[in-house]
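Remarks on the structure that follows.
The values are calculated or read from the model by the stated rules, or taken from the named source; none is laboratory data. This is a predicted model, so every value here is computed, not measured. When we count neighbours, we look across all protein chains shown, and the Cβ atoms used for this are built from the backbone with ideal geometry, even at glycine. The area values use the complete protein model at the heavy-atom level, side chains included, leaving out ligands, DNA and RNA. Shrake-Rupley method; radii C 1.70, N 1.55, O 1.52, S 1.80 Å.
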Amino acid sequence: MANNASFGEAAAVAFGSLRTSKLRSFLTLLGIILATMTLIAVMAVINGMDEYVAQQVSDMGAEGFRIRRILMVGKVDPKKFLERDRRNPEMSREEFHFVRQNARLVREIGMEAFRRALVKSGTRHIDGVQLVGVTSNMGAISNTQLAAGR
């Protein structure tokens, strides 16, 4: 019975303290709620990044890598873009075939090219459409999941 009495007394003292200092109780509860929400949000972002990396990057395996002519991350500065455009020439088909024939430690090598194009259908046309040409193995290299078509 002594344990029940001491627990009852402790509970009565705790509830009395909560009643007398309502602002402190509210702020403590608010802090706990905000900390829990922040923890859940951070864990959701980390989980999403893990899934993205697993789906997009990890499928290339240890043998996979990409060579990009110009990589622009963040805000694009036109002066830097023009400088990189001059400094980094486009890879020719001959250079691609040379790399393909001489690369021994990679499983697959593919090439893709991007251009803006004019698309016409009858009398209708759309200018500035992004046209992408790829080698036949780029679907496997880039882990492209198609819903329909080729």
>> Per residue, how much accessible surface does the stretch 72-146 expose to a 1.4 Å probe? Answer in Å², no decimals.
In response: 89
> Extension gain I67-R116, at 0.36 nm per residue separation less the Cα-Cα distance, in nm?
Replying inline: 15.5 nm
>> Considering only protein heavy atoms and a probe of 1.4 Å, how much of the accessible area of the stretch 78-150 is carbon and sulfur, as a whole percent?
In response: 53
>> Using a 1.4 Å probe on the protein heavy atoms only, what accessible surface does S136 show? Give it in Å² to the nearest 10.
In response: 130
> Gain in length, M91 to R107, computed as 0.36 nm per residue apart minus the alpha-carbon separation, to one decimal in nm?
Replying inline: 3.7 nm
>> Tell me the per residue accessible area of the stretch 4-57 using a 1.4 Å probe; a whole number in Å² is fine.
In response: 86
> In the stretch 62-122, which trypsin sites (Lys or Arg not before Pro) fall in coil by DSSP and have 13 or fewer other Cβ atoms within 10 Å?
Replying inline: R66, R68, R69, K75, R104, R107
>> If you count only protein heavy atoms and use a 1.4 Å probe, how large is the accessible surface of T123, to the nearest 10 Å²?
In response: 140
